[in-house]
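Contents: one structure, followed by commentary.
The values are calculated or read from the model by the stated rules, or taken from the named source; none is laboratory data. Just so we're clear, the structure is a prediction, and the values are computed from it rather than from any experiment. Glycine gets a Cβ as well: all are built from the backbone with ideal geometry, and neighbour counts include every protein chain shown.
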Ligand code: PLP
């Protein structure tokens, strides 16, 4: 019998993609499913970005590029990191990858050994624990609740750190909670991290631009400039410019680590698609008005959805700071509908109300669900109505 590598047994396929697949199955069977499962903006990629890609094809820019990205895309990334984040990087501190996801994966492969622990605040982006496991290391979870707006406290962080802790994932604003850490909160976490110089900080800034706190965006290095030398910033054009299918992300950090990540990439995918790199460059260097427009729409939908969800008995939804997700507590709804947990609830909502959303368990936080509002107001209103009707 065919015997697979042991590492395969440690991981599971992405649960968010599984929900989408189930919903699509019902749709294919003719059911009118309302889908709140998506992890991507519902807008089209802006026209000037598509035009740049067409230009690249026309000019024959269709061959291998440098593994870690073209010099001109790296320059655009360096300019963005300076302009928006006030951070300085040299080209050897930047690696362009096949989406933010490959940047995260390369980081784990380049940094982690079998005896290492990685701190993963929950709720977490579904891939963090499995990427750690694929690198033979061990995820150590910190659980959070709505009371702390799903953010870890310095005390929790201190308790989770051991001599084996090698890395921590930070993701602000967060998928799935929609919450962002304030600069002061990051400074408090930084005080703890400062005492443990062996810990590398992975700052996943994917949703930086989809934020409406009114405060300027701050990541851990903005809050604690002295942590620059051991922080890797991960970013992508995927969410900001509605470019999920183009697969361009990047990592900025210490040259030694970034170089190792590029070496790993050179033995797996080589460079990201040449044409997509040109498109990403146009996105970063071009007019940012398209981003403002999208964020405005997300904020409006967010406000309506949070208000509507809180009118459903058994649902408690805190307003988020950004992203296109909300993460309500549904323990009351689970009790009311007499189901076992958030997994059964999500199944019931899909089968009986034809509403697709992702159970909180997928993100390490049972008793909650994630709803994506990267969809029309009509679908959002309809979904709330269907859930209310079922209750
Ligand atoms: N990090 C977070 C928190 C995400 O939500 C996602 C996408 O869902 C990614 C990384 C990966 O993004 P990309 O599509 O650029 O690989």
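Would you mind finding the one in 107, 170, 87 that is under 20 Å from the mean Cα position of the chain (by Cα), closer than 25 Å to residue 192 by Cα, in the same structural domain as residue 269 (by TED's automatic domain parsing) and outside any helix (DSSP H, G or I)?
Details: 107 fails: outside any helix (DSSP H, G or I); 87 fails: under 20 Å from the mean Cα position of the chain (by Cα).
Every option except 170 fails the conditions.
Hey, could you check segment 241-252 for residues that are in contact with a helix residue (DSSP H, G or I) (Cβ under 6 Å, 6 or more places away or on another chain) and assigned to a loop (DSSP other than H, G, I, E, B) and say which is farthest from the ligand (Cβ to nearest atom)?
Once the filter is applied, the top-ranked residue is 241.
Using the structure shown, decide if residue 64 is without any contact (Cβ under 8 Å) to a residue 60 or more places away in the chain and touching a helix residue (DSSP H, G or I) at 6+ places or on another chain (Cβ under 8 Å).
When the stated conditions are applied, residue 64 does not pass them.
Mind listing whichever residues of segment 49-70 are in a helix (DSSP H, G or I) and surrounded by 15 or more Cβ atoms within 10 Å (Cβ to Cβ)?
The answer is 49, 50, 52, 53, 56.
Please specify each residue of segment 113-124 satisfying the condition of being under 16 Å from residue 203 (Cα atoms) and more than 9 Å from the ligand (Cβ to nearest atom).
Step one: of segment 113-124, the residues under 16 Å from residue 203 (Cα atoms) are 118-124.
Hits for segment 113-124 are 118, 119, 120, 121, 122, 123.
Considering only segment 295-391, give the helices (runs of 4 or more DSSP H) lying wholly within it that have at least 2 residues that are in contact with a strand residue (DSSP E or B) (Cβ under 6 Å, 6 or more places away or on another chain) and more than 30 Å from residue 216 (Cβ to Cβ). Spell out how you get there, then give the answer.
Details: elements: 331-337, 342-353, 377-390.
Of the helices (runs of 4 or more DSSP H) lying wholly inside segment 295-391, those with at least 2 residues that are in contact with a strand residue (DSSP E or B) (Cβ under 6 Å, 6 or more places away or on another chain) and more than 30 Å from residue 216 (Cβ to Cβ) span 342-353, 377-390.
Considering only segment 253-286, how many residues are touching a strand residue (DSSP E or B) at 6+ places or on another chain (Cβ under 6 Å) and either without any contact (Cβ under 8 Å) to a residue 12 or more places away in the chain or away from the ligand (no atom under 15 Å from the Cβ) (or both)?
Of the residues in that region, 3 qualify.
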